[in-house]
1. May I ask for the angle, rounded to the nearest 10°, between helix 245-258 and the longest principal axis of the chain, with both axes built from Cα atoms and the value confined to 0 to 90°?
2. Which entries in the list Lys249/Lys296; Lys37/Lys399; Lys261/Lys317; Lys203/Lys249 go over 19 Å, if you measure between the two C-alpha atoms of each?
3. Show that you can apply the helix-only estimate: for the chain, add -39,500 (n - 2.57) for every DSSP H stretch of four or more residues, divide by all residues, and state [θ] at 222 nm to the nearest 500.
4. Tell me the label-point distance for the pair Ala294, Asp186, using the 7 Å Cα-to-Cβ offset, in nm and rounded to one decimal.
5. Restricting to bridges with both residues inside the chain, how much of the DSSP beta-bridge set is antiparallel, in percent to the nearest 5?
6. Just add up the charged neighbours of Ser201: K/R +1, D/E -1, any other residue whose Cβ is under 10 Å from the Cβ of Ser201.
7. Return the sequence-ordered ³J(HN,Hα) values of the stretch 81-98 in whole Hz as given by the Karplus equation 6.51 cos²θ - 1.76 cosθ + 1.60 applied to θ = phi - 60°, using x for Gly and Pro.
8. Test of understanding: ordering His152, His373 by Cβ neighbours within 10 Å, fewest first, what list do you get?
Amino acid sequence: MQYNKKSVEDIDLKGKTALCRCDFNVPTKGGKITSDKRIVAALPTIQYLIAQGAKVILCSHMGKPKGEWKPELSLAVVAERLSELLGKPVVMAKDIIGEDARAKAAALQEGDVMLLENLRFDKGETKNDPEFAKALASLAEVYVSDAFGTVHRAHASTAGVANYLPAVCGYLIQKEIGVMGKALTDPSRPFVAILGGAKVSDKLNVINNLLEKVDTLIIGGGMAYTFLAAKGYSVGTSLLDAEKIDYCKEMMQKAEEKGVKLLLPVDTVVAADFPDPIDGPIEVETVDSDKIPADKQGLDIGEKTRTLFADAVRSAKTVVWNGPMGVFENPTLAKGTIAVAQALADSEAITIVGGGDSAAACEQLGFAEQITHISTGGGASLEFLEGKELPGIACLLDK
C-alpha cells in the first residue's frame, strides 16, 4: 500500500470545480442531527477549498437507503448545519446527477458550496457503476477524497470517479494515512499493538500482519479466550472460536519465532451469564485465566492483567489499539477497557486508536484530547492494519 499521496495542497484549485467526498453519515433523531462531529471534522478541507477559490460540490451517503429515495435520509439537514458552521449558505441539490444538481453546479461562483443529495439513493453508488461515476465526475474538474470511513469500499464516489478526474486527498485522509501509514511502515520502537473485540475471525489478517511489525502484541476481549483455549486452558462458557484454535497456536508459534512478546490475560472477570440488559447489574468474580469455572464465562480482563497491559503501554514509543477488553457497555465490565484507555492517555508515545468501540471509549471517558490520533473509520482502519490495499486511497495520485 502506497501512503505518499497528493493532497489538496498539491494542486491548483482557483476557479476549478472540486467534487469533495465527505463523511456526513451523521446520526439523526426525529429529523434532527444528534451529533455533528463528522460535519465538524470535514470543515478544515472545505474551508481550504473555499479559501483557494474553488467552486465546491460536496457529496456523501447517509444510512442505508439501498438505492431508494427515503426522505428521512435526505442530506438537507446536513446542508442546514453546514451553512451554520461555515457562516455561508450551502446550496442543497434536489438530486445527485439529475437536472437540478447539474444546473446548480453550473451556477456556482468561486468560493460557493453546494451539497448533492444522498449518494446511496442511486443504486449505481454502491455498485461502482461506471455510468454513475462518470456522471458524478462530469460535474467537476478535480476530485477530493476526505471520507476515510468509506475508503475500504470501491464505490462510485470513493473510487470510481478517480477514473475520470485528477484525485487528491483532503486533510482528514491525509492525517489518517500519515499517522497510521508511518506507524505501520516506520514506527518509533518499541511498537505495541493492542487488539480486543469479540471474535478472532474478525481480526485474523490483522494479527498475522501485526506480528510482522510489532515488538509486543496484546490480545484482550472475547478473542482472548480462543488463545487461552489454544494454550490448553478450560475457558468455561466464554466466547470461543473453536475452528480458530489451531490458527491461534500458529500465531503463538509465529510470535515466538519472531521474538514478539504476545501478552494474553493472566486473570479474568467471570459471571454466570452475559448481562441482560447489557448495562444492567451483574454479579462477578475475578479468577486466574487457567482457572475459569466450567459454568462461568469471561467478560473482562482482571486487575493483574490491567496492570500487565498498562506496563507494556508505558514502555512503548508507538501504540495502536483496536477493540475493547470486555463488555464495555456494562460499567462493571468496563474496567479493562478504561484501564487501557487510561494507559494510552498517560503515555508519552504516539498513540493511535482505530475507530469503533475503542474510539467511543476514549471519547466517553474524556481521553480523546490526550490521544495522538483517533481514526474516523472503524472498518477502514481495521483493513489498514491488515495491510490491505484500500481502493479509496489506491486511486489517489501519488506525490
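Derivation of every value follows stated rules applied to the coordinates shown; laboratory data play no part. Given the structure is predicted, the values throughout are model-derived calculations rather than measurements. Cβ placement follows ideal geometry from the backbone for every residue including glycine, while neighbour counts extend to all protein chains displayed.
1. The answer is roughly 90 degrees.
2. Pairs exceeding 19 Å: Lys249/Lys296; Lys37/Lys399.
3. Result for the chain: -10000 deg cm²/dmol, rounded to the nearest 500.
4. That separation, rounded to one decimal, is 5.7 nm.
5. Approximately 25 percent, going by the DSSP bridge assignments.
6. 0
7. 5, 5, 5, 5, 5, 7, x, 7, x, 10, 6, 9, 7, 7, 9, 10, 10, x
8. Ranking His152, His373 by Cβ neighbours within 10 Å, fewest first, gives His373, His152.
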